[in-house]
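Below is one structure. I have some questions about it.
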């Protein structure tokens with residue numbers, strides 16, 4: 001599983017870098033031909049997405065390193081850290097969008113581009129949204145916040161290009177439309193960045209497992225032996241690719257230490273068989 005996540009992370013990262021670099025070249029040429037500062041700036045925005053993809057690659061590379069003496073639970077948490085870094089950069093993009101949109105509204109100047117530049121931007125919108133969907137799909141497949149965040153970077157670039165086109169086609173009549181849409185989109189981007197940061201931070205800090213998970217664990221434990229009177233204090237410790245579960249059980253007072261030990265081993269084996277999670281069981285006397 002760890003190697004598969006690494007391969008998928010590398011795939012998304014390198015595909016993103018290659019496509020963004022190619023789009024940067026075409027946009028930059030289009031910007032120079034049209035003498036448009038907005039187009040040149042958007043070209044650099046596209047290239048900046050390559051840097052977030054580099055963070056994705058580094059995150060998956062470090063996160064896939066095996067456990068060692070200093071890090072007995074592995075390095076899987078690094079992916080969550082890279083998610084926070086990418087989401088923070090995404091939030092910066094959203095804030096920049098907001099400021100630029102306000103400036104557009106205040107400037108009241110329509111944008112005029114030649115046909116070559118318009119075609120480049122149309123292609124950019126389609127390619128970047130396709131790249132965003134690619135990142136979202138892979139992010140969902142391996143449950144990666146870093147890939148979802150990178151997907152939103154791609155989408156923000158697609159939206160930026162779309163807003164420039166909106167300004168070209170509606171500027172003479174609705175000079176304010178691209179600025180107004182930009183404000184709405186910037187708020188959406190910042191909110192998405194916040195959600196990714198909170199989600200990744202929660203994994204690092206530690207979160208209470210949901211009720212359905214605790215119920216499933218309780219059923220697995222109870223099916224091991226009728227001697228188990230109660231299952232409580234179910235805590236899941238998520239280290240990325242490596243997860244550990246701790247729980248408490250109550251057993252009859254008359255049960256010997258050896259019997260209790262053997263029963264906990266059965267419980268740990270049953271949980272690992274059903275959930276592929278290493279478990280530590282704490283035994284308490286029956287009330």
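What follows draws every value from the coordinates through simple rules; no lab data is involved. The shown structure was predicted, so the numbers you read here are calculated from the model rather than taken from an experiment. Quick reminder, even Gly has a Cβ in these numbers, built from the backbone with ideal geometry, and neighbours come from all protein chains shown.
Along its three principal axes, how long is the range 1-114 when you only count alpha carbons? Whole Å, largest extent first please.
Result, largest extent first: 61, 27, 18 Å.
Using r as the Cβ-Cβ distance of residue 116 and residue 176, and R0 as 22 Å, what FRET efficiency do you calculate, to the nearest 0.05?
0.25
Using 0.36 nm per residue of separation minus the Cα-Cα distance, give me the extension gain between residue 133 and residue 246 in nm, one decimal. Show your work: numbers first, answer last.
Numbers: separation 113, 0.36 × 113 = 40.68 nm, distance 3.72 nm.
Length gained between residue 133 and residue 246: 37.0 nm.
Another question about this same structure. Expressed as a rounded percentage, what relative contact order does the chain have, with Cα pairs under 8 Å and six or more residues apart?
Working: 424 pairs, mean separation 50.3, N = 287.
It comes to 18 percent, rounded to a whole number.
Give me the one-decimal nm value for the distance between modelled label points at residue 105 and residue 141, 7 Å along each residue's Cα-to-Cβ direction.
4.1
Another question, if that's okay. 222 nm [θ] for the chain, helices only, -39500 (n - 2.57) per DSSP H run of 4+, per residue, to 500? Can you show the working numbers first?
Working: 8 runs with 204 residues, N = 287.
Value at 222 nm, helices only: -25000 deg cm²/dmol.
Related question: Give me the tail of P(r) for the chain as a percent: Cα-Cα pairs with distance above 34 Å.
Working: 16010 of 41041 pairs.
Pairs farther apart than 34 Å: 39 percent.
Now a separate question. Out of the DSSP beta bridges found with both residues in the chain, what percent are antiparallel (nearest 5)? All intermediate terms of the calculation are to be shown ahead of the outcome.
Numbers: 8 of 16 bridges.
About 50 percent, rounded to the nearest 5.
Follow-up question, since we're still on this one. Restricting the calculation to Cα positions, tell me the Rg (one decimal) and the Dmax (whole number) of the range 150-287 in Å.
26.1, 87
For the range 99-202, what does the alpha-carbon gyration tensor say about shape, rounded, prolate or oblate, given a ≥ b ≥ c as the root eigenvalues, a/c under 1.5 as rounded, and a/b over b/c as prolate? Before the final figure, lay out each step's value.
Values: a/c = 4.24, a/b = 1.68, b/c = 2.52.
Verdict is oblate for the range 99-202.
For residue 187 and residue 284, what is the calculated FRET efficiency with R₀ set at 51 Å and r taken between the beta-carbons, to the nearest 0.05?
Details: r = 50 Å, r/R0 = 0.99.
E(calc), rounded to 0.05, equals 0.50.
What distance in nm separates the simple spin-label points at residue 4 and residue 215, each placed 7 Å from Cα in the Cβ direction?
It is 2.7 nm.
Using only the alpha-carbon atoms of the range 211-285 as identical scatterers, what base-10 log of I(q)/I(0) does the Debye formula give at q = 0.14, 0.15, 0.20, 0.27 Å⁻¹?
For the range 211-285 at q = 0.14, 0.15, 0.20, 0.27 Å⁻¹, log10 I(q)/I(0) is -0.40, -0.46, -0.80, -1.40.
Taking the Cβ of each residue in 79, 266, 211 as the centre, tally the other Cβ atoms inside 10 Å and list the residues starting with the fewest.
Values: 79 27, 266 13, 211 8.
Fewest-to-most ranking of 79, 266, 211: 211, 266, 79.
Kindly express, to the nearest 10 degrees and within the range 0 to 90, the angle between helix 211-222's C-alpha long axis and the longest C-alpha principal axis of the chain.
So the helix axis and the longest Cα principal axis differ by about 30 degrees.
Apply the Debye scattering formula to the range 51-120, with a single equal point scatterer on each alpha-carbon and no solvent, then give log10 I(q)/I(0) at q = 0.13 Å⁻¹.
Computed log10 I(q)/I(0) values: -0.62.
Equivalent ellipsoid semi-axes for the range 34-177, as square roots of 5 times the alpha carbon gyration tensor eigenvalues: give them largest first, rounded to whole Å.
They are 37, 14, 11 Å, listed from largest to smallest.
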